[in-house]
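Taking it in order: structure first as structure tokens, then the write-up.
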Amino acid sequence: MKWLDKLLLGLMTAVAPVYIACAYGSPYSYDKHGKVVDADTKQGIEGIEVTCLRADQEVSVVDSGSDGSFVLSYDEPCDQARFVDIDGEDNGGLYQTNLVPFDEDAVNWTVEMSK
């Protein structure tokens, strides 16, 4: 009987995640890859918070990496994206907040930030 218990437990652990995903959907369906760069030097900027905004609500938030790259995940296209320098004077200086219309068709999305 132990083998039957193990088999049933294995089936339940394999089926439960699939059932949950079918019932509720995945949290994010799409990814937008991009890079945040300095408007003057064109060098990537680390520590920029990238936020997907839809109807002025924050949907998804991610920080840019050491080379300025980011991957923003979302379930429906954003109205716009907000770029905020969250580390202040670190990583090249204090950059101005930037609101950018969301371009779902852009393959490599590059956003320039000014000081």
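Just for strands (runs of 3 or more DSSP E) wholly inside the stretch 43-106: which have at least 3 residues that are under 16 Å from Asp31 (Cα atoms) and in contact with a Gly (Cβ under 8 Å, 6 or more places away or on another chain)?
Qualifying strands (runs of 3 or more DSSP E): 69-74.
Quick one: in the stretch 75-89, which of the residues that are closer than 14 Å to Asp63 by Cα and in contact (Cβ under 8 Å) with a residue 12 or more places away in the chain is surrounded by the fewest Cβ atoms within 10 Å (Cβ to Cβ)?
Ile86
Taking Gly47 as meeting all but one of (1) within 16 Å of Lys35 (Cβ to Cβ); (2) touching a strand residue (DSSP E or B) at 6+ places or on another chain (Cβ under 6 Å); (3) among the small types (Gly, Ala, Ser), write down the number of the exception.
All conditions pass for Gly47, except number (2).
Within the stretch 30-43, how many residues are among the small types (Gly, Ala, Ser), buried (at least 20 other Cβ atoms within 10 Å of the Cβ) and under 15 Å from Gly92 (Cβ atoms)?
Residues flagged as among the small types (Gly, Ala, Ser), buried (at least 20 other Cβ atoms within 10 Å of the Cβ) and under 15 Å from Gly92 (Cβ atoms) within the stretch 30-43 amount to 0.
Surrounded by fewer than 16 Cβ atoms within 10 Å (Cβ to Cβ) and out of contact with any Pro (no Cβ under 8 Å at 6 or more places or on another chain): which single residue out of Glu58, Glu46 fits that description?
Just a single option satisfies the conditions, and that option is Glu58.
Any read-out appearing in this document is the output of simple, stated calculations on the displayed coordinates, not a laboratory observation. Given the structure is predicted, the values throughout are model-derived calculations rather than measurements. Don't worry about glycine lacking a Cβ; one is built from the backbone with ideal geometry, like all the others, and counts go over all protein chains shown.
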